[in-house]
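Here's the structure we're looking at; comments come further down.
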Amino acid sequence: MNLHQSVLGPSSASQTIWDASVWAECLAFLKRSPRLLHGTPGLSTGPSEQCRNWPRLRSVPNPAVPFLITRRRLLAGIAALGGTLAGCNTSLPVAAGQSRLRLLAEARLPHRSLVRDTVVGGLSSIDYDATRGEYLLLSDDRSDVNPARFYTTSWALEQAPKLTYVTLLRQADGTTWPNRRQAENGVPVPDPEALRWRPDADTLLWTSEGDAARGFGPALYESRRDGTLVRQIAMPAMFAPSPDGRRGARDNLGFEGLALTADRREVWLGMENALAQDGGIPTQDAPGGPCRFTRVDLASGQVSAQIAYQPDAIPLRPLVPGTYADNGVSEVLMLDAHRMLVLERAYATGRGNSLRLYEIDTRAASDVLALDALTPGNHRPAPKTLVADFSTLGLSRLDNTEGMCWGPPLPDGRRLLVVVSDDNFNPLQITQFAAFAYTDSP
């Protein structure tokens with residue numbers, strides 16, 4: 001989950017700025033919490049002159065469900081605010097070759113949409129149920145707004161997506177998952193990030209990034225369509241966060257991607273960033289440590305292989321040096337038995353988002369499962385090839401895209417690639433659906 005998002009600038013086809021009520025609410029909170037402004041030099045108390053004349057995209061009012069300002073949402077808003085005030089710039093263009101994606105459709109859900117008294121937001125994953133002809137959408141709400149859940153929706157490309165149902169995910173005892181205020185010792189708080197429908201069992205595989213602050217590492221779960229828990233699949237000890245922070249998954253940088261293999265017998269789990277023992281996180285000048293992609297046999301629940309993937313250095317520099325920027329893996333998706341698509345999502349304050357799609361061959365990387373730590377020279381990461389730079393694809397704007405799946409085949413036989421963005425429940429961001437015709441490499 002990317003917590004720091006921007007407002008795109010005047011060259012974007014669709015712009016958003018703060019409404020007066022949002023300004024007032026956020027600034028009032030900031031006055032009560034001045035430490036949250038640390039690292040955001042030059043923060044103003046209003047929009048720049050350049051931004052005052054932009055068209056406004058207003059949130060959908062919903063008095064029944066008040067907007068909850070949590071630290072997570074406020075940080076997202078502050079970073080977005082920083083991007084707006086720092087000159088209102090868009091993502092820098094990056095030269096790219098012939099793309100294998102062609103944009104077919106783009107749609108947005110209204111902010112704060114409701115389905116059965118739950119607030120729709122934080123959509124971090126999407127998958128297609130070919131049997132029912134519907135999409136499944138996982139919210140990364142940590143049971144703060146509503147209990148952990150997934151949605152079903154239909155989407156004919158010439159129409160707006162139609163959310164049809166919500167299902168609450170449940171623990172082994174049948175209760176819904178708690179948030180941090182409700183959780184007892186020994187009970188994890190889920191951070192749902194990735195979801196795949198398992199056709200043979202008609203179940204859902206989903207990941208949690210864990211709860212590193214409370215000692216819980218990333219996890220893989222399997223649930224029935226009614227939300228009841230089937231099992232939790234145990235992960236190797238390497239993922240467990242140590243109290244000193246020197247080992248294991250970093251907070252909010254765990255299992256961000258999930259891919260079902262072509263034979264449906266295994267899944268790949270993609271880390272957003274490196275384990276602490278494998279290196280640092282990306283910076284503008286260095287890519288950081290490699291991410292571990294872990295293959296799990298579904299019948300036995302055992303890990304069968306693991307490879308390394310090297311994400312890029314942060315491709316954009318913040319407009320104000322020293323302000324927030326990041327890059328990491330946001331989703332993985334199998335092309336065939338061995339080839340995988342990897343989506344990297346980056347953000348830099350004042351510059352906006354970057355989305356790049358890569359292809360790897362899992363056979364081209366060495367197995368790193370037995371390695372305690374990944375260091376230069378002791379492994380061979382998977383070589384990667386750029387498939388598409390999303391800034392060249394004609395989208396109205398780039399946002400925090402986290403979900404990616406194959407939809408129903410197109411009439412001409414090509415694949416339909418569908419992506420969705422996570423708005424972090426932030427009125428500055430959007431829940432964006434986009435559909436592309438995918439042309440495979442020759």
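The values are calculated or read from the model by the stated rules, or taken from the named source; none is laboratory data. Owing to the predicted nature of the structure, the values given are computational and were not obtained by experimental measurement. Here Cβ is always computed from backbone atoms with ideal geometry, including for glycine, and neighbour counts include all displayed protein chains.
Worth a mention:
- Segment 174-220, residues that are touching a residue at least 24 places away in the same chain (Cβ under 8 Å) and among the hydroxyl-bearing types (S, T, Y): T176, T203, T207, S208
- Hits in segment 121-135 - residues which are surrounded by fewer than 24 Cβ atoms within 10 Å (Cβ to Cβ) and either of a type in the set (A, V, I, L, M, F, W, C) or closer than 18 Å to F436 by Cβ (or both): Y128, A130
- Taken over segment 164-185, the criterion of being in a loop (DSSP other than H, G, I, E, B) and either among the charged types (D, E, K, R) or closer than 14 Å to Q232 by Cβ (or both) is satisfied by L169, Q171, A172, D173, W177, R180, R181, E184.
- Single residue of segment 164-175 satisfying the filter (under 26 Å from L220 (Cβ atoms) and out of contact with any Gly (no Cβ under 6 Å at 6 or more places or on another chain)) that is surrounded by the fewest Cβ atoms within 10 Å (Cβ to Cβ): D173
- Residue check for S366: small (G, A, S) and under 21 Å from A249 (Cβ atoms): no
- Among the residues making up segment 198-213, those that are part of a strand (DSSP E or B), touching a strand residue (DSSP E or B) at 6+ places or on another chain (Cβ under 9 Å) and surrounded by 23 or more Cβ atoms within 10 Å (Cβ to Cβ) are L204, L205, W206, T207, S208.
- Within this structure, R339 fails the test of being under 18 Å from the mean Cα position of the chain (by Cα) and at pLDDT 95 or above.
- Of the criteria (1) out of contact with any Pro (no Cβ under 9 Å at 6 or more places or on another chain); (2) under 21 Å from E209 (Cα atoms), which one E158 fails: (2)
- Positions within segment 377-420 being over 23 Å from I360 (Cα atoms) and either hydroxyl-bearing (S, T, Y) or in contact with a helix residue (DSSP H, G or I) (Cβ under 9 Å, 6 or more places away or on another chain) (or both), in sequence order: S396, L398
- Checked against the criterion of being touching a helix residue (DSSP H, G or I) at 6+ places or on another chain (Cβ under 9 Å) and closer than 29 Å to M334 by Cβ, the candidates P161, P188 yield just one match: P188.
- Residue within segment 224-247 that is out of contact with any Gly (no Cβ under 6 Å at 6 or more places or on another chain), in contact (Cβ under 8 Å) with a residue 40 or more places away in the chain and crowded, with 24+ Cβ neighbours inside 10 Å present: no
- Selection over segment 408-425 of residues that are assigned to a loop (DSSP other than H, G, I, E, B), within 17 Å of E193 (Cβ to Cβ) and not acidic (D, E) gives a count of 2.
- Some residue of segment 348-355 being within 25 Å of P199 (Cβ to Cβ) and not charged (D, E, K, R): no
- Residues (touching a strand residue (DSSP E or B) at 6+ places or on another chain (Cβ under 8 Å) and surrounded by fewer than 24 Cβ atoms within 10 Å (Cβ to Cβ)) located in segment 110-120: R112, S113, V115, R116, T118
- Residue satisfying all of: in segment 335-353; out of contact with any Lys or Arg (no Cβ under 6 Å at 6 or more places or on another chain) and within 21 Å of E209 (Cβ to Cβ); surrounded by the most Cβ atoms within 10 Å (Cβ to Cβ) among these: Y347
- Of residues in segment 248-265 being of a type in the set (D, E) and farther than 18 Å from A299 by Cβ, the one surrounded by the most Cβ atoms within 10 Å (Cβ to Cβ): E256
- Restricting P381, P376 to residues that are on the phi < 0 side of the Ramachandran plot, surrounded by fewer than 21 Cβ atoms within 10 Å (Cβ to Cβ), modelled with pLDDT of 95 or more and touching a strand residue (DSSP E or B) at 6+ places or on another chain (Cβ under 8 Å) narrows the list to P381.
- Close pairs from segment 103-123: first more than 20 Å from L168 (Cα to Cα) and at pLDDT 95 or above, partner among the β-branched types (V, I, T) and crowded, with 16+ Cβ neighbours inside 10 Å, Cβ under 7 Å, at least 6 apart: R108/I430; R108/T431; L109/V120; L109/T431
- Taken over segment 390-437, the criterion of being of a type in the set (D, E) and crowded, with 21+ Cβ neighbours inside 10 Å is satisfied by D399, E402, D422, D423.
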